[in-house]
1. Regarding the stretch 20-43, can at least one residue be identified that is in contact with a strand residue (DSSP E or B) (Cβ under 6 Å, 6 or more places away or on another chain), of a type in the set (Phe, Trp, Tyr) and either buried (at least 18 other Cβ atoms within 10 Å of the Cβ) or free of Cβ contacts under 8 Å to residues at least 12 places away in the same chain (or both)?
2. Scan the stretch 50-69 residue by residue and report those that are farther than 14 Å from residue 5 by Cβ and surrounded by 18 or more Cβ atoms within 10 Å (Cβ to Cβ).
3. Of the residues that sit in the stretch 167-205 and are assigned to a helix (DSSP H, G or I) and among the hydroxyl-bearing types (Ser, Thr, Tyr), which one is surrounded by the fewest Cβ atoms within 10 Å (Cβ to Cβ)?
4. Quickly run through the stretch 156-176 and pick out the residues that are under 8 Å from the mean Cα position of the chain (by Cα) and among the β-branched types (Val, Ile, Thr).
5. What are the pairs, 6+ residues apart or on separate chains, where a residue within the stretch 146-166 that is assigned to a loop (DSSP other than H, G, I, E, B) has its Cβ under 9 Å from a residue that is of a type in the set (Val, Ile, Thr)?
6. Go over the candidates 107, 123 one by one and state the one that is more than 19 Å from the chain's Cα centre (by Cα), within 25 Å of residue 171 (Cβ to Cβ) and assigned to a helix (DSSP H, G or I).
7. Please state which one of 74, 125, 80 is closer than 24 Å to residue 7 by Cα, in contact with a Gly (Cβ under 8 Å, 6 or more places away or on another chain) and surrounded by 15 or more Cβ atoms within 10 Å (Cβ to Cβ).
8. Kindly list, by first and then second residue, each pair from a residue in the stretch 179-205 that is more than 17 Å from residue 19 (Cα to Cα) to a residue that is among the charged types (D, E, K, R) and outside any loop (DSSP other than H, G, I, E, B), limited to pairs with Cβ atoms under 9 Å and residues at least 6 apart or on different chains.
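Just so you know, all these numbers are worked out from the coordinates, no wet-lab data involved. Just so it is clear, the model here is predicted, and its values are computed rather than measured. Don't worry about glycine lacking a Cβ; one is built from the backbone with ideal geometry, like all the others, and counts go over all protein chains shown.
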Amino acid sequence: MKLYYAPGACSLATHILLREAGLPFDLEKVDIRGKTTEHGEDWMTINPKGYVPALRLDDGDVVTENVVLHGYVADQKPEAKLAPAHGTKARLKQDELAVFISTEIHKGYSPLFNPAITDDARKAAIDRLKGRYTLVEKLLSDGRTYLTGDQFTTVDAYLFTVTNWSNSLKVDLSGFPNVMALQKRIAARPAVQASMVAEGLIKAA
């Protein structure tokens with residue numbers, strides 16, 4: 001498999017999950033603005049949607065969309081326990097969380113990447129995000145280690161990735177101590193460290 005990624009973008013979640021699952025894969029960095037990859041491939045031919053992540057499967061097919069890729073990776077290595085079995089209540093609840101992160105938190109950050117955003121629009125976007133984080137904070141208030149319990153899963157990788165944007169976008173999440181503690185736990189995982197080093201986000205220890 002080959003993962004097409006941009007450093008620190010939402011593709012980081014799939015990158016983390018591939019390492020957590022111990023699956024073999026290659027990395028190909030994408031220049032989103034230049035619409036090309038580091039090895040000169042035409043990005044818009046690979047993924048006409050124009051954004052990462054994209055995963056080229058071993059048969060050559062290309063699959064996109066975060067939640068879909070996360071589930072696919074988890075299903076390739078069930079013993080890694082990145083997602084419960086399909087058809088179970090646990091999988092239903094995890095899928096619910098995945099869509100919530102995608103539509104309410106991931107997309108909630110989108111306006112903040114616009115350098116032309118007004119102060120009022122920025123405040124409104126941050127207020128909406130904090131409303132969503134309030135729900136996550138409450139979920140974590142029972143002392144669970146990860147979002148669904150004691151097991152690291154796909155949704156943890158996804159939440160970690162998008163929440164990490166709060167640093168560069170100057171979104172103050174200090175009012176959410178459980179969320180911040182979760183971020184630190186996830187950041188310390190070897191697969192997460194390796195993924196971030198490979199993307200040039202942090203230096204190797």
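1. Step one: filter the stretch 20-43 for residues in contact with a strand residue (DSSP E or B) (Cβ under 6 Å, 6 or more places away or on another chain), giving 25-28, 30, 37-38, 43.
Still in the list and also of a type in the set (Phe, Trp, Tyr): 25, 43.
Keeping just the survivors that are either buried (at least 18 other Cβ atoms within 10 Å of the Cβ) or free of Cβ contacts under 8 Å to residues at least 12 places away in the same chain (or both) gives 43.
Yes.
2. Scanning the stretch 50-69 gives a single hit, 67.
3. To start, the set of residues in the stretch 167-205 that are assigned to a helix (DSSP H, G or I) comprises 167-168, 177-187, 190-198.
With among the hydroxyl-bearing types (Ser, Thr, Tyr) added as a condition, the list becomes 168, 195.
Working: 168: 10, 195: 26.
So the residue we want is 168.
4. Passing the criteria: 161, 162.
5. Sorted first by the residue in the stretch 146-166, then by its partner, the pairs are 147/101; 147/136; 147/153; 147/155; 148/155; 151/145; 152/145; 152/186.
6. Details: 107 fails: more than 19 Å from the chain's Cα centre (by Cα).
Going through 107, 123 in turn, the sole match is 123.
7. Working: 74 fails: in contact with a Gly (Cβ under 8 Å, 6 or more places away or on another chain); 80 fails: closer than 24 Å to residue 7 by Cα.
Exactly one of 74, 125, 80 is closer than 24 Å to residue 7 by Cα, in contact with a Gly (Cβ under 8 Å, 6 or more places away or on another chain) and surrounded by 15 or more Cβ atoms within 10 Å (Cβ to Cβ), namely 125.
8. 179/137; 182/156
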